[in-house]
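Since the structure comes first, as structure tokens, the remarks are kept for the end.
The values are calculated or read from the model by the stated rules, or taken from the named source; none is laboratory data. These figures come from a predicted structure and were not determined experimentally. Cβ placement follows ideal geometry from the backbone for every residue including glycine, while neighbour counts extend to all protein chains displayed. Please note that ligands, DNA and RNA were not included when accessible areas were found on the heavy atoms of the full protein model with its side chains. Shrake-Rupley method; radii C 1.70, N 1.55, O 1.52, S 1.80 Å.
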Amino acid sequence: MKNIQFREKYGQYALVAGGSDGLGAAFAEAIAQRGLNLVLIARQEDRLKATAARIKELYEIDVISIAADMADYENVKKLISNLKVSISLLVYNAAFAPIGLFENMSEDHLALSTAVNVKAPLLLAKLLSASMIQQKRGGIVLMSSIAGAQGSPNLAAYAATKSFNTILAEGLWKELKPHGVDVIACCAGAILTPGYHKAEKTRPAPGTLEASKVAEQTLDALGRGPIIVPGVINKIGRFVLTRLLSRKAAIDIMSKNTGGLS
Ligand SMILES: NC(=O)c1ccc[n+]([C@@H]2O[C@H](COP(=O)([O-])OP(=O)(O)OC[C@H]3O[C@@H](n4cnc5c(N)ncnc54)[C@H](OP(=O)(O)O)[C@@H]3O)[C@@H](O)[C@H]2O)c1
């Protein structure tokens, strides 16, 4: 029943930007389980094709893979516009997360953060929501982070881009609701993905979740409100950081967590 409703609301195709690995692949699999066909985008073609083939065989759905870099939005737009399928669900998962002090960060890395984490989700939401509004159905999931709830030293630019996604999703949630389009920001804490393993050298932080749990909880929450914070520990953590503590104290606490990343 849940799957039928999901398909009616968000079918026929879902696009997962950054859908070949980690959380992106978990989103793709959770969506396939709910019966939608997929368009997956990632840069590395071999891994993308392997994920697409695995999901296609397992769930007997159509999976279209597009090898492209979200940093080149114009190219992505062209490739998507050439597809002959109707996309009613967007999951924007790809991100560029440069770690380190702002003073040591290159201009190229800062520009890449905004290209992949801000420009691409903003313009993709614009592109795909047009047909969703016309069809009076659809969904948009933007990946954000608890790091984007306050300043996050050592991840300052990345955290700011994630904040953008939360605020964008909140505004679109209200605007697009009357058109039958659901929007949500997933403000995740730590997730066990290849990206997280690369950055976190010590043991996982409290509240760290499996990627499949984050994907399931987010898809379940789509249509219920403008944001989801997966996991009880993370919900409490975000509540304390944003509602109970001063901004200064919240930044100090975040600094203790993000300062150790490399
Ligand atoms: N992991 C965490 O602890 C955590 C916590 C909070 C929020 N988040 C958010 O969750 C999302 C997933 O993060 P993650 O690092 O763990 O990633 P992930 O889901 O493990 O993998 C990243 C996916 O995106 C693709 N990708 C990366 N850059 C891309 C680009 N420029 N163009 C196209 N595809 C791209 C990768 O494939 P290719 O490399 O082949 O392109 C891969 O399929 C991000 O939005 C992140 O901000 C993560």
Residue in segment 143-150 that is over 14 Å from ALA94 (Cβ atoms), near the ligand (Cβ under 8 Å from one of its atoms) and not hydroxyl-bearing (Ser, Thr, Tyr) present: yes
Positions within segment 149-158 being assigned to a helix (DSSP H, G or I) and more than 18 Å from VAL232 (Cα to Cα), in sequence order: ALA156, ALA157, TYR158
Matching residues in segment 39-66 - criterion: being part of a loop (DSSP other than H, G, I, E, B) and within 14 Å of the ligand (Cβ to nearest atom): ARG43, GLN44
Which numbered condition SER88 fails, given (1) of a type in the set (Ser, Thr, Tyr); (2) farther than 30 Å from THR208 by Cβ; (3) assigned to a loop (DSSP other than H, G, I, E, B): (3)
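Results for (1) under 27 Å from ALA32 (Cβ atoms); (2) at pLDDT 95 or above, shown as yes or no for each residue.
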residue: ASN154; (1), (2): no, yes
residue: TYR158; (1), (2): no, yes
residue: PRO178; (1), (2): no, yes
residue: CYS187; (1), (2): yes, yes
residue: GLY195; (1), (2): yes, no
residue: ARG224; (1), (2): yes, yes
residue: ILE233; (1), (2): no, yes
residue: GLY237; (1), (2): no, yes
residue: VAL240; (1), (2): no, yes
Among (1) free of Cβ contacts under 8 Å to residues at least 60 places away in the same chain; (2) within 13 Å of the ligand (Cβ to nearest atom); (3) open to solvent by 40 Å² or more (accessible area, probe 1.4 Å), the one test that GLY189 misses: (3)
Test: residue in segment 51-72 that is more than 28 Å from GLN217 (Cα to Cα), over 18 Å from the mean Cα position of the chain (by Cα) and among the charged types (D, E, K, R): no
Enumeration of residues in segment 116-147 that are crowded, with 24+ Cβ neighbours inside 10 Å and without any contact (Cβ under 8 Å) to a residue 60 or more places away in the chain: ASN117, MET132, ILE140, LEU142, SER145
Complete set of residues in segment 158-186 that are small (Gly, Ala, Ser) and surrounded by fewer than 19 Cβ atoms within 10 Å (Cβ to Cβ): ALA160, GLY171, GLY180
Tabulated pairs, segment 61-83, first over 18 Å from SER113 (Cα atoms), second at pLDDT 95 or above and polar (S, T, N, Q), C-beta under 6 angstrom, 6+ apart or interchain: ILE61/ASN37; ASP62/ASN37
Whichever residue in segment 192-221 is in contact (Cβ under 8 Å) with a residue 60 or more places away in the chain and β-branched (Val, Ile, Thr) and, among such residues, is most open to solvent (accessible area, probe 1.4 Å): THR193
Unique match (being among the hydroxyl-bearing types (Ser, Thr, Tyr) and not in a loop (DSSP other than H, G, I, E, B)) among SER262, SER212: SER212
Cross-chain or 6+ apart pairs with Cβ under 6 Å, segment 158-185 first and on the phi > 0 side of the Ramachandran plot, then open to solvent by 10 Å² or more (accessible area, probe 1.4 Å) and of a type outside the set (A, V, I, L, M, F, W, C): GLY180/LYS136; GLY180/ARG137
Per-region count, segment 1-17, residues within 18 Å of VAL183 (Cα to Cα) and either within 16 Å of the ligand (Cβ to nearest atom) or assigned to a loop (DSSP other than H, G, I, E, B) (or both): 6
